Amino acid sequence: MDDDVEITDVGDDDHTYVVKTPLKNQDLSSVTLTVGELLSEYGWYLLVVSLLVYLLIQQLSKRRSSQSPRPPPPLTAQDAALVSRRQEAMEVARRKMQEELDAKAAIFRVKQKEQEEEKRRQKIDLWESMQQGKSYKGAAKLSRTSDEASSSQTGQKPKTDKKPLRSADYNPLNGQGGGSCSYRPGRRGPSSGG
């Protein structure tokens, strides 16, 4: 196939014009013309936009670096001594608190052992009194006095016997046991009236 195009003018038989125009390759030549035309028409605008984008990126990077944590400045000899003194003081305070806690724990363990020993002695006394045929109530009084003694050692107040507000057999649903209000069910049977 020919790359040239022939155009013939029909009208006058004497004059025939043949114009040959080469076909243009439309792959990259049109793109380069378009980019060239864009730069010639909008070049200043593109330059200003690219400059603004560059400045915006610079501002964002400055903000990001200012918001990120900065490393602490290098320690001087005075700062290092101050830090070591603080750490030593904290270590001494921790040791002191630990010693106090250990002392309290030891005291608590001793009290626990004393209480367990007292309970064991009470059980032995109760068992011996039961073997001798004595009543349980006498042993209960003995254990109550020893409980008061152990509670005074631990700092608790001894329990005092108070008179109860009501008797043990009081039941408010019974209707007995005193009280002015009581429930009486109605009569069974047909209602009278008419």
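Every number in this text was worked out from the coordinates using simple rules, so none of it is lab data. Computed from a predicted model, the values in this text were never measured in an experiment. Cβ coordinates were reconstructed from backbone atoms using ideal geometry, including for glycine residues, and neighbour counts include every protein chain displayed.
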Worksheet item: Which order results if Tyr170, Tyr54 are arranged by neighbouring Cβ count within 10 Å, fewest first?
Response: Tyr54, Tyr170
Discussion item. Test of understanding: what is the full-extension gain from Leu165 to Glu116, defined as 0.36 nm times their sequence separation minus their Cα-Cα distance?
Written reply: 14.1 nm
